[in-house]
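Any read-out appearing in this document is the output of simple, stated calculations on the displayed coordinates, not a laboratory observation. Everything numeric in this text was worked out from a predicted model, so none of it was measured. Positions of Cβ are generated from backbone atoms using ideal geometry, with glycine treated the same way; all protein chains shown enter the neighbour counts.
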Amino acid sequence: MTSGRRAGLILAIGLAAMLSGTAWANEVEDAQDTEVWQCAEDEIDIGEYCVKVVESEPEQAGTPKATPFRRESMMPGVVRRSSPQPPAETPARKPAVVVRQTIPVPVVAEGGYGIQLGAWSSRETAERVGLSVIESGVNAILSPMQRGDKLLWACIAGPYASEDAARGDLQLLKSDSRFSQAWTKPLKGLRLEGIEYTPALAAEK
């Protein structure tokens, strides 16, 4: 082969190689431009980006507790009426002072009978005797009596409507040695005074 033909062949081969390399580069560039990107299985395609979705564990709700209901009265929507309770009884209020007065103070008797138990110069002493009689269950009164220049206080059991009624208590009272000399007497014209009586006062005297 002549040197001229050899040089032309080499030139042709080089040109072909250059053209083929350029074509290959263009193909690679075109392939890069046309390559399709795909998101992974755990990703979501939102256009230009792939977003990975991480599923959070569901919150564990507490186990609901069953609310027990008693029969009838506690069932929802059921109202059980209780029987009305009677109002509490208010204890009777006792009087602070119990006063027992046989007759108004003072009064002049227009009749009736009594049992004279004795006479004392001190009204307090006569009243103390009268209280002890009242404690035994027999009414007693006081009557002031003038004896000369002295004022005495008589303690009289009664009054009674009749002398027979007075005699009914006379024997009972005479059984007490203090009143062994007691006697019945009419009360007409006498000034009588009642004795104020309370259990506490009787105990003190």
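Neighbours of A154, meaning other residues whose beta-carbon lies under 13 angstrom from its beta-carbon, give a summed charge of +3 when Lys and Arg score +1 and Asp and Glu score -1.
With labels modelled as points extended 7 Å from the Cα through the Cβ direction, what inter-label distance (nm, one decimal) is found for V138 paired with K188? For V138 paired with K188, the spin-label model returns 2.4 nm. Counted residue by residue at 0.36 nm each, then reduced by the alpha carbon distance between them, the extension gain from V107 to Q181 reaches 24.0 nm. In terms of its alpha-carbon gyration tensor, region 107-204 comes out rounded; the largest-to-smallest axis ratio a/c stays below the 1.5 threshold. Taking amide H as placed 1.01 Å from N in the peptide plane, the amide H of G118 sits under 5 Å from that of C155, each at least 5 places away or on another chain. One quarter of the surface of the convex hull around the alpha-carbon atoms of region 127-174 equals 3.9 nm², the direction-averaged projected area. Modelled label positions at S122 and A161, each set 7 Å beyond Cα in the direction of Cβ, lie 3.8 nm from each other. Rounded to whole numbers, the Karplus 3J(HN,Hα) couplings from phi for region 123-136 are 5, 4, 5, 5, 5, 5, 5, x, 5, 5, 5, 4, 4, 7 Hz, using 6.51 cos²θ - 1.76 cosθ + 1.60 with θ = phi - 60°, and x at Gly and Pro.
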